[in-house]
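K.L.:
Following this message is one structure expressed as structure tokens.
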There are 2 protein chains.
Amino acid sequence: MNNPILVEITRGNLVESRHRGSVSVVDAEGATVLSIGDVERRVFPRSAVKALQAMPLVESGIADKYGLTDEEIALACASHSGEPEHVAAAGSMLAKAGQDAGCLECGVHWPMGEAANRALAASGGSPSALHNNCSGKHAGFVCLACGQGNDPKGYVLADHPVQRIVRDTLEEITGACHTHEKSGIDGCSIPTYAVKLPSLAFGFARFGTGIGLPGDGRAAAARIRKAVARHPFMVAGTGRFDTKLMELLGERAFVKVGAEGVYCASFPELGYGIALKVDDGNARAAEAMMAGLVLRFLPLSDNERAAVEALAQPVLRNWNGIEVGQIRPTAEIAGAA
Amino acid sequence: MNNPILVEITRGNLVESRHRGSVSVVDAEGATVLSIGDVERRVFPRSAVKALQAMPLVESGIADKYGLTDEEIALACASHSGEPEHVAAAGSMLAKAGQDAGCLECGVHWPMGEAANRALAASGGSPSALHNNCSGKHAGFVCLACGQGNDPKGYVLADHPVQRIVRDTLEEITGACHTHEKSGIDGCSIPTYAVKLPSLAFGFARFGTGIGLPGDGRAAAARIRKAVARHPFMVAGTGRFDTKLMELLGERAFVKVGAEGVYCASFPELGYGIALKVDDGNARAAEAMMAGLVLRFLPLSDNERAAVEALAQPVLRNWNGIEVGQIRPTAEIAGAA
């Protein structure tokens, strides 16, 4: 099956590049709301499921035991830009568990945010694991390990208690089997399990509504959604899509980017969960698709609509600020007029 | 027509992302050697034709009039990383024409090379137009304008004598009409004209062999090819694909990346020109395809083959250096076993 073209990049009067992909929108009972393309092909959700991976930390009571703030809970769900606030919060989370950056196993990279990257270089500094865009998630894993009385060492490995409980949680929420044969190693070294888009969408419908979540899952999901809605900067950073969209819509849309063109979202008022994948892994297309789905499904004020349209169809400008083209989702994303 | 999948990105045992595209290989008589996908769809060649755009500078004798070095001629064909050697050479070219960075109309951006970017920030500096990856091409345009006795001001505009002669040259070499209706504005503000891949491939077959080039075109093309082969660092930069491939193969392969997944090449010993486009604009896929075509067509020693295979099928490692997957061209690129 050839997935359809869902985003076009224009230059002058022509289409310069094309992105294909697939989309699944599912409600909290598992009913299909929208299905585009081959949604049976398994995808690695990568960082798009960080909020689900943070559920055990909150549901277990360990987040409260260590007095984690809303900013820190939001950071546990983040692919952050490595700005000073992100770095400080990751350090603070570790300190609350009696640990420091030395126990992080995510690896080191320069800040993902360009300004933060150059500011760190200008200060004569060099990056630590705290600057890794996943450091908040990893600090959460360390808190989880310590709070359960386990040695955090090796917490990225599939058979460590942390990854076992995280995998069990992903299986419970999405209803999909997470098997070793269909797994890969993520950029930050934890396992990532390939599942089908409708399973991810179903998981985010449940995460967004609490419907069907076992145990204290409903309260934990609400706590995480609220923390992110209050601190959308912590989940991404300056100028980033997730931050801008959630600054605009608050708790009405929980959205989270993953690597290689994956995006997941919850629209709690509709009970919808969304999962999408751009075939080629491109982030500009994934963002335009997600913004297009917000326009399609969520009732918006005129101001909100204008702001989301600017995210769905951004104008492309060159180094002199001259308009050269546009990113635009195709009619399959926009739906019937 | 759905272009075929030409590059796969793997993670674990699965394919995580897929890139579709089209390829044209043509000889200097215009005969088709290889055609994959929809090669009738027009593409913007962007920076992939910089060497052709540099032809008037050399063929007119103006490069010699100003005493441009081989390094500077290579830089005129470059999408460089903004490293100190690139910045210095661009400034030197302008000085030879009695000009300075103030007359560059390409716009300003931070160096494309990560290390150069951070080194500039660490020094407390900020970028000028000389750091723009196109500054060498633009310095060449300024030299061309001045050498012809024209005011360089406005040299990026389609009706300036510089862009008129550049467009005429592109039409002559490729044999394709370059029309305003099928044009766009490039990242550096000059016009870019959408043409079909076989026209680009034909142009690079002629550029690589000199066959059929009018006037002093044959000598100019040879001079440019030699300059780039001697100084492959100047045409890209540290760690870049074009630099590495041409350091390895010298004059046997002239390759040049363009934005949005376009690549052009000449294999002079075979008389072949190559043009390819990744549908989605992705550079990792374009590089893997070009390396795959080198493996397919050029006779290579064992050492050369191993080095090009590493470019065609790079191993993907995460922030901890763990192997997580691979980029690999599909059988359509590799051809029959």
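K.L.:
Pop the C-beta distance of A:Ser123 and A:Thr179 into the FRET formula with R0 = 45 Å and round what comes out to the nearest 0.05.
P.N.:
Details: r = 45 Å, r/R0 = 1.00.
So the FRET efficiency works out to roughly 0.50.
K.L.:
In addition: Any chance you could check the stretch B:257-283 for residues losing 40 Å² or more of accessible area when the partner protein chains are in, compared with the chain on its own (1.4 Å probe)?
P.N.:
Residues of the stretch B:257-283 that lose at least 40 Å² of accessible area once the other chains are added: B:Glu260, B:Asp279, B:Asp280.
K.L.:
What is the sum of charges, Lys and Arg at +1 and Asp and Glu at -1, for the other residues whose Cβ falls under 12 Å from the Cβ of B:His160?
P.N.:
Details: positive: B:Lys153, B:Arg164, B:Arg167; negative: B:Glu105, B:Asp151, B:Asp159.
Once positives and negatives cancel, what remains is 0.
K.L.:
Mind listing, in residue-number order, the residues in the stretch A:3-25 that have at least 50 Å² less accessible area with every protein chain present than in their own chain alone (1.4 Å probe)?
P.N.:
Buried on complex formation: A:Arg11, A:Leu14, A:Glu16, A:Arg18, A:Arg20.
K.L.:
Okay, moving on. With Cβ to Cβ distances under 13 Å as the rule, what net charge do the other residues near B:Ala139 carry (K, R +1; D, E -1)?
P.N.:
Details: positive: B:Lys50, B:Lys96, B:Lys137; negative: B:Glu71, B:Glu72, B:Asp100, B:Glu105.
Once all neighbours under 13 Å are counted, the net charge is -1.
K.L.:
If you take each beta carbon of peptide B:181-192 and count the beta carbons of other chains within 10 angstrom, what is the mean? Please report the intermediate quantities before stating the final value.
P.N.:
Working: counts 3, 3, 4, 9, 9, 5, 8, 3, 6, 1, 1, 4.
Going residue by residue through B:181-192 and averaging, the value is 5.
K.L.:
Suppose only helical runs count, i.e. DSSP H with n ≥ 4. What mean residue ellipticity at 222 nm does that imply for chain B under -39500 (n - 2.57) per run, divided by all residues and rounded to the nearest 500 deg cm²/dmol? Kindly include the intermediate steps, with their values, before the conclusion.
P.N.:
Working: 14 runs with 135 residues, N = 337.
The helix contribution divided over chain B gives -11500 deg cm²/dmol.
K.L.:
So how far, in whole Å, is the C-alpha centre of the stretch A:247-304 from the one of the stretch B:306-337?
P.N.:
About 32 Å separates the Cα centre of the stretch A:247-304 from the one of the stretch B:306-337.
K.L.:
What is the mean number of Cβ atoms from other protein chains located within 10 Å of the Cβ atom of each residue in peptide B:121-127, rounded to a whole number?
P.N.:
Working: counts 9, 7, 2, 1, 1, 1, 0.
Mean number of neighbouring Cβ atoms from other chains: 3.
K.L.:
Next question, about the same structure. On the accessible surface of the stretch A:5-334, probed at 1.4 Å, how many percent belong to carbon and sulfur atoms? Each step should come with its number before you reach the end.
P.N.:
Working: 5570 of 11210 Å².
Reported share for carbon and sulfur atoms: 50 percent.
K.L.:
Hey, can you find the accessible area per residue of chain B for me, probe 1.4 Å, expressed in square angstrom?
P.N.:
Values: 11740 Å² over 337 residues.
Accessible area per residue, chain B: 35 Å².
K.L.:
At what distance in nm do the modelled label points of A:Asn13 and B:Arg164 sit from each other, each positioned 7 Å from its Cα along Cα→Cβ?
P.N.:
Placing both labels 7 Å beyond Cα along the Cβ direction yields 2.3 nm.
K.L.:
Would you tell me the mean number of C-beta atoms belonging to other protein chains that fall within 10 Å of each C-beta in A:317-330, as a whole number? Present the calculation step by step, with values, prior to reporting the outcome.
P.N.:
Working: counts 3, 10, 13, 10, 2, 6, 1, 6, 4, 0, 0, 0, 0, 0.
Other-chain Cβ atoms within 10 Å of each residue's Cβ, averaged: 4.
K.L.:
Need one word for the stretch B:144-187: rounded, prolate or oblate. Basis is the Cα gyration tensor (sqrt eigenvalues a ≥ b ≥ c); a/c below 1.5 gives rounded, then a/b vs b/c decides. Show your work: numbers first, answer last.
P.N.:
Numbers: a/c = 2.83, a/b = 1.49, b/c = 1.90.
Cα axes put the stretch B:144-187 in the oblate bin.
K.L.:
Leaving out same-chain residues fewer than 8 places away, which lysines sit with a Cα under 21 Å from that of A:Lys244?
P.N.:
Cross-link targets: A:Lys50, A:Lys137, A:Lys226, A:Lys256, A:Lys277.
K.L.:
Can you give the net charge of the other residues whose Cβ lies under 9 Å from the Cβ of A:Glu71, counting K and R as +1 and D and E as -1?
P.N.:
Values: positive: A:Arg230; negative: A:Asp70, A:Glu72, A:Glu85.
Around A:Glu71, the charge tally is -2.
K.L.:
Further, regarding this structure: From the square roots a ≥ b ≥ c of the eigenvalues of the alpha-carbon gyration tensor of the stretch A:223-337, which class results: rounded (a/c under 1.5), prolate (a/b over b/c), or oblate?
P.N.:
Working: a/c = 1.44, a/b = 1.31, b/c = 1.10.
It comes out rounded by the Cα gyration axes.
K.L.:
For the protein assembly as shown, max minus min Cα coordinate along each principal axis, in Å, sorted largest first?
P.N.:
81, 57, 51
K.L.:
Over chain B, consider all pairs of different Cα atoms and compute the Kirkwood hydrodynamic radius from their mean reciprocal separation; express it in Å, one decimal.
P.N.:
20.0
K.L.:
Spit out the partnerless Cys residues in the protein assembly as shown, using Cβ distances under 4.7 Å as the pairing rule.
P.N.:
A:Cys77, A:Cys103, A:Cys143, A:Cys146, A:Cys177, A:Cys264, B:Cys77, B:Cys103, B:Cys143, B:Cys146, B:Cys177, B:Cys264
K.L.:
Here is a follow-up. Over both sides of the B-A contact, add up the buried accessible area with a 1.4 Å probe and give it to the nearest 100 Å².
P.N.:
Values: alone 13730 and 13730 Å², together 23480 Å².
Looking at B and A, the buried total is near 4000 Å².
K.L.:
Something else: Just to be sure I understand the model, the point goes 7 Å from the Cα along the line to the Cβ. What's the resulting B:Glu323 to A:Asp100 distance in nm?
P.N.:
Result for the modelled spin labels: 3.6 nm.
K.L.:
Also, quick follow-up: Starting from the 7 Å offset along Cα-to-Cβ, what nm value, one decimal, do you get for the label separation of B:Lys65 and B:Leu316?
P.N.:
That separation, rounded to one decimal, is 5.1 nm.
K.L.:
I'd like the distance separating the alpha-carbon centroids of the stretch B:139-192 and the stretch B:29-66, in whole Å.
P.N.:
13
The values are calculated or read from the model by the stated rules, or taken from the named source; none is laboratory data. All values derive from a computational prediction rather than experimental measurement. Here Cβ is always computed from backbone atoms with ideal geometry, including for glycine, and neighbour counts include all displayed protein chains. The protein model used for the area step is the full one, side chains on, heavy atoms only, and it has no ligands, DNA or RNA in it. Shrake-Rupley method; radii C 1.70, N 1.55, O 1.52, S 1.80 Å.
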